[in-house]
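Undergrad: Got a structure for you, questions after.
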Amino acid sequence: MNVIVIGGGVIGTVLTHLFSVRGINVTLINSGLQRPRFPLIHSKLLRFPEDITLARISEDVYNGLSRELGVNVLRPMRSITIIPETCYSDVSRIMGMWRDSGAELHVVDDIGEYGLRRVSDQEIYILSINGDNLVNYPLLINKIHKINDINYVRGTATVKLSSDGVKVLVNGEELRGDYIILAAGAWNSIVIKGAGLRAPLLPYKCQAAAFMARKAGGIVYDYVLNIYMRPLGSIIDNALSGLGLSIIVGGDGNSKITEPGKDAGVDREFLNELKGKVRARVGKALLIGSGFGYCEVTPDMRPVIGTIGPSNLLLIGGFNGYGAEVGPALALAVVNYVLSGSWPDYARPYLIDRFGSNWPNTWDVSVEAHELCV
């Protein structure tokens, strides 16, 4: 069997390895337009039980990758979730699911020891242990791209449908496979449109900024200020730690619908707003850099998998910025489908069929996967 994976980022990389270790001949096409430069967050502290199930399965996939590649893919991190007091009754029910997923939770009174400041008298702080990890995707991608039996192609792919099947065109060559899998993130919609098909996906620009501040205590999900903060996760952290400093990466989850390449650069309004919020929570913080990328989202803000067009053309996408949390589980589901012809039960809530044949051309993208008080 021959499988072609279009997209060499988070999901495409995991897919490629899962096929490879099962003896499937796999070709990975990577445009190189976007790839993670630093570790990403894997969290089980999500809102919905189906998503938490995916996060748990994804954790198992990461552990398998660690064993098979001989590297430590996961780096456990403690986290602080900050919520308004008015949200606690709702969040307490979700906390039961977090505990069931293996997270150890404690409500704490003082966050000063974690390098954080109280900004309101109506805040509650939830400390989590074993609920979050940093995933070393730069290392993972490098390892998988060096596996000898993977056909690695650097280039931008297009998909063409004809009477004799699905063709993938890249670098002037025509490739064919028993299955073609679109895992190109925000570029999925461009490839799909180029093939004359439609999918319930909107690409958007996602942004983040880096700050140097005093040493922080892990990942922060702040639902009072509506931001997240996390360590950079590089060797620079170790050097700064001895000085009592750290580099914090933060974002606010706000989205701007746009095709990749149409709206480049980091918005000044985003930087000004985020800078004020980060400083309110950690004190002195020096803005040292910023960056942007492109993500994609579905009408119900949840991932999508399934057949699109011909029966051997599959889509996996719409991760809304949390592909590192749940993506490996759905990648495993795609592999199972290709090998067995059926979807595992845990993947069925995410099948593209749930949208029917009609969906709007645009929709509100303000709800985040991690958001608790909605």
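Undergrad: Spin-label point model (7 Å from Cα, Cβ direction): what's the Arg93 to Arg22 distance in nm?
TA: Spacing of the two 7 Å Cα→Cβ label points: 3.7 nm.
Undergrad: Computed FRET efficiency, Cβ-Cβ of Arg348 and His106, R0 25 Å: what is it to the nearest 0.05? Intermediate values should be presented prior to the final figure.
TA: Details: r = 35 Å, r/R0 = 1.39.
Efficiency, from the Cβ-Cβ distance: 0.10.
Undergrad: Using a 1.4 angstrom probe on heavy atoms only, work out the carbon and sulfur share of the accessible area of segment 98-186 in %.
TA: Carbon and sulfur atoms account for 42 percent of the accessible area of segment 98-186.
Undergrad: Along the positive direction of the dipole of segment 1-111 (beta-carbon charges: Lys, Arg +1; Asp, Glu -1; about the Cα centre), which of Leu33, Ile11, Met95 reaches farthest?
TA: After comparing all options, I get Leu33.
Undergrad: Nearest 20 debye, what's the magnitude of the dipole of the chain about its Cα centre given +1 on Lys and Arg Cβ and -1 on Asp and Glu Cβ?
TA: So the dipole magnitude of the chain works out to roughly 900 debye.
Undergrad: If one puts a single equal scatterer on every Cα of segment 54-149 and applies the Debye formula without solvent, what log₁₀ I(q)/I(0) results at q = 0.20 Å⁻¹?
TA: One equal scatterer on each Cα of segment 54-149 leads to -0.99.
Undergrad: While we're on this one: Efficiency by 1/(1 + (r/R0)^6): what FRET value for Arg37 and Ala264, r their Cβ-Cβ distance, R0 = 22 Å, to the nearest 0.05?
TA: 0.85
Undergrad: Please state the relative contact order of segment 195-251 as a whole percent: Cα pairs under 8 Å, 6+ residues apart?
TA: 43 percent
Undergrad: Work from the charge dipole of segment 294-369 (Cβ charges, +1 for Lys and Arg, -1 for Asp and Glu, about the Cα centre) and give the residue of Leu351, Thr307, Leu330 farthest towards its positive end.
TA: Thr307
Undergrad: Relative to the Cα centre, what is the charge dipole magnitude of segment 174-308, using +1 at the beta carbon of each Lys and Arg, -1 at the beta carbon of each Asp and Glu, and rounding to the nearest 20 debye? Could you put the intermediate results ahead of the total?
TA: On the way: 16 positive and 12 negative charges, 96 e Å.
So the dipole magnitude of segment 174-308 works out to roughly 460 debye.
Undergrad: Find the relative contact order for the chain and round it to a whole percent, using C-alpha pairs within less than 8 Å whose residues are 6+ positions apart.
TA: So the answer I get is 23 percent.
Undergrad: Another question, if that's okay. Considering only Ala210, Ala195, Ala324, give the residue with the highest GNM mean-square fluctuation for the chain, with springs between Cα atoms whenever their separation is below 10 Å.
TA: Ala195
Undergrad: Could you order Leu15, Leu339 by accessible surface area, starting with the largest, using a probe radius of 1.4 Å?
TA: Result of the area sort, largest leading: Leu339, Leu15.
Undergrad: Which entry is the computed semi-axes √(5λ) of the Cα gyration tensor in Å for this structure: (i) 35, 21, 21; (ii) 30, 25, 21; (iii) 41, 27, 23?
TA: Read-out from the structure maps to (i).
Undergrad: A further question on this structure: I need the phi-derived Karplus couplings for segment 262-270: 6.51 cos²θ - 1.76 cosθ + 1.60, θ = phi - 60°, integer Hz, Gly and Pro marked x.
TA: These are the phi-based 3J(HN,Hα) values: 7, 9, 9, x, 8, 6, 4, 4, 4 Hz.
Undergrad: Stretched out fully, how many nm does the piece from Glu174 to Ser357 gain, at 0.36 nm a residue minus the Cα gap?
TA: Stretched fully, the Glu174-Ser357 segment lengthens by 62.9 nm.
Undergrad: What full-extension length gain, to one decimal in nm, is calculated for Asn272 and Arg214 as 0.36 nm per residue of separation minus the Cα-Cα distance?
TA: Extra length from Asn272 to Arg214 when fully extended: 18.9 nm.
Undergrad: Go ahead and set up a Gaussian network model of the chain, Cα springs under 10 Å, then flag whichever of Leu201, Leu45, Leu65 fluctuates most.
TA: Of Leu201, Leu45, Leu65, the most mobile in the Gaussian network model is Leu65.
Undergrad: Could you check the spin-label model distance between Leu286 and Leu139? Points 7 Å from the Cα along Cα→Cβ, value in nm.
TA: 2.8 nm
Undergrad: Which distance in Å, rounded to a whole number, links the C-alpha centroids of segment 241-284 and segment 96-118?
TA: 23 Å
Undergrad: Further question: Could you state the accessible area per residue of the chain in Å², with a 1.4 Å probe and every protein chain left in place?
TA: Numbers: 15940 Å² over 374 residues.
Here the residues of the chain average 43 Å² of exposed surface.
Undergrad: Length gain on complete extension for the stretch Ser162 to Arg117, per 0.36 nm per residue less the alpha carbon to alpha carbon distance?
TA: Result for the pair: 10.2 nm of gain on full extension.
Undergrad: Another question, if that's okay. Suppose every K and R has +1 on its Cβ and every D and E has -1 on its Cβ; what is the size of the dipole of segment 270-364 about the Cα centre, in Debye to the nearest 20?
TA: The calculated dipole for segment 270-364 is roughly 560 debye.
Undergrad: Using a 1.4 Å probe over the heavy atoms of the protein chains, calculate the carbon and sulfur portion of the accessible area of segment 254-357 as a whole percent.
TA: 50 percent
Undergrad: Using helices alone, I'd like the mean residue ellipticity at 222 nm for the chain: each DSSP H run of four-plus residues gives -39500 (n - 2.57), total over residue count, nearest 500.
TA: Result for the chain, helices only: -8500 deg cm²/dmol.
Undergrad: While we're on this one: Mind listing the phi-derived Karplus ³J(HN,Hα) values for segment 294-302, rounded to whole Hz, using 6.51, -1.76 and 1.60 with θ = phi - 60°, and x for any glycine or proline?
TA: Couplings: 10, 10, 8, 9, 9, x, 9, 6, 10 Hz.
The values are calculated or read from the model by the stated rules, or taken from the named source; none is laboratory data. Small disclaimer: the values here were computed from a predicted structure and weren't measured. With ideal geometry, Cβ positions are generated from the backbone for all residues, glycine too; neighbour counts draw on all protein chains shown. Just the protein is used for accessible areas: all its heavy atoms, side chains included, with ligands, DNA and RNA removed. Shrake-Rupley method; radii C 1.70, N 1.55, O 1.52, S 1.80 Å.
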